[in-house]
Amino acid sequence: MTTPQEILNMIGDDKIKMVDLKFIDMPGTWQHLTVYHNQIDESSFTDGVPFDGSSIRGWKAINESDMTMVIDPNTAWVDPFMKEPTLSVICYIKEPRTGEPYNRCPRVIAQKAIDYLVASGVGDTAFFGPEAEFFIFDDVRFDQTTNAGYYYVDSVEGRWNSGREEGPNLGHKPGYKGGYFPVAPTDTFQDIRTEMLLTMADCGVPIEKQHHEVATGGQCELGFRFGKMIEAADWLMTYKYVIKNVAKKYGQSVTFMPKPIYGDNGSGMHTHQSIWKDGQPLFAGGKYAGLSESALYYIGGILKHAPALLALTNPSTNSYKRLVPGYEAPVNLAYSQGNRSASVRIPLSGDNPKAKRLEFRCPDATCNPYLAFAAMLCAGLDGIKNKIDPGSPLDKNIYELSPEELGLIPSTPASLELALEALEQDHKFLTEPGVFTEDFIEAWISYKLDTEVNPMRLRPHPYEFSLYYDA
């Protein structure tokens, strides 16, 4: 644990000139305010730094805009992308008039989920390990006007460029679904991924690995060690920040959009999770795949509430273009120790009970990690509380099942709109423990419908011209 005084000493010892105060908005994007170093004192870690919250997406109205950012001293690192020495810190949001944490601040909601875990008596620590995939593109263009709409992405690795004049074209382009994981020269991103990984380490993220991913066109993944739930969400935000900025340094662009390329695998964020109590893991036992009874009930909660969960773990309209059969996408609401088409997988962990965990494979990195992790924890705890049976595991090859067998397996919602409808009908597991408020759930559904679902519904799609122009 880092104390406020240690941060103040760091500012002086490292000759920090600026302090960058980062916080996350409701949809899941970092926002920031940068102040001169002498504006930070011990009160910044208790009372906070005031700012106007009226223009933050999904937050305050203009007539009640005053808010404060309270610094978490455990999140400090020197920003490697700033010209002048700049200390980066992550904050949570507080109501200045009442002194209470703001109930629409995602980091506050995540802390309430941990408080609920402790109060339940089930455990005292939730560990999460997200695996966020992304694409590195050389060129990105898109626009939507009254009479036109298009997108264009390109990568030197794209298989679609195998016949392009490149003066000369040297080949070595990964095939569709063929990017996992060849060495150079087919893999052109080794150096950039290594720089991303080492820069993350400089920012305090406990790094592990990096590699090319399945899709052509520059799909990659970096790995970092699991952490306590809020810590893991902080690290994921740092992960995204570092990757995007290192790519920009190389003149390239990164997207965590789940399905930017048609006809190849999309980018997910498989999320490993487990619960511990008094320093002991609770998910190891003598049941299926070496799981405990509590772990199976936790899976039962995840599967029961999955349609509603996806409104928070897969919160973009594009998310549901990834969640389709045929691209290793986890569309089946079942669990298995080896079947990657099941939405919950139990990874191999050998005889080490501390490594026993489950992996929810549906989420993607368009989510707000604080909200997504909190919601998954609430669903799992609801499963334990109510002893929800997850049913039999799905250990068969999904592609060999008969239509009758396949019809018995529930599947993920087909659209964001359907996931939001599920959340509207099923959210007591989030609100009854006091983690999410009814106000937040209503605001989330309204925001998503008003700014994403309905605007998409109103706009013609380019492919519709192929289908219907000559009707």
Answer yes or no as to whether T271 is β-branched (V, I, T), in contact (Cβ under 8 Å) with a residue 12 or more places away in the chain and assigned to a strand (DSSP E or B). yes
For A184: the one exception among (1) touching a residue at least 24 places away in the same chain (Cβ under 8 Å); (2) part of a loop (DSSP other than H, G, I, E, B): (1)
Scanning the stretch 357-411 residue by residue, those of a type outside the set (K, R) and at positive phi turn out to be G391
Subset of the stretch 13-48 (residues that are open to solvent by 50 Å² or more (accessible area, probe 1.4 Å) and either aromatic (F, W, Y) or in a helix (DSSP H, G or I) (or both)): D13, Y36, H37, N38, Q39, E42
Identify, from the list A113, A119, the residue that is crowded, with 20+ Cβ neighbours inside 10 Å, outside any strand (DSSP E or B) and at pLDDT 95 or above. A113
Of the residues in the stretch 155-189, how many are of a type outside the set (G, A, S) and loosely packed, with under 13 Cβ neighbours inside 10 Å? 7
If you go through the stretch 425-438 one residue at a time, how many are assigned to a helix (DSSP H, G or I), open to solvent by 50 Å² or more (accessible area, probe 1.4 Å) and free of Cβ contacts under 8 Å to residues at least 40 places away in the same chain? 2
Look through E417, E405 and report the one residue that is of a type in the set (D, E, K, R), assigned to a helix (DSSP H, G or I), open to solvent by less than 100 Å² (accessible area, probe 1.4 Å) and modelled with pLDDT under 95. E405
Exactly one of L381, L323 is within 21 Å of A113 (Cβ to Cβ) and either hydroxyl-bearing (S, T, Y) or under 22 Å from the mean Cα position of the chain (by Cα) (or both), and that one is L381
Which of the residues that make up the stretch 400-458 are under 21 Å from I56 (Cβ atoms) and among the basic types (K, R)? K448
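The values are calculated or read from the model by the stated rules, or taken from the named source; none is laboratory data. All figures in this text were calculated on a predicted structure; none of them were measured in a lab. Cβ: placed from backbone, ideal geometry, glycine included. Neighbour counts: every protein chain shown. Protein only, heavy atoms only, side chains kept; ligands, DNA and RNA dropped before computing areas. Shrake-Rupley method; radii C 1.70, N 1.55, O 1.52, S 1.80 Å.
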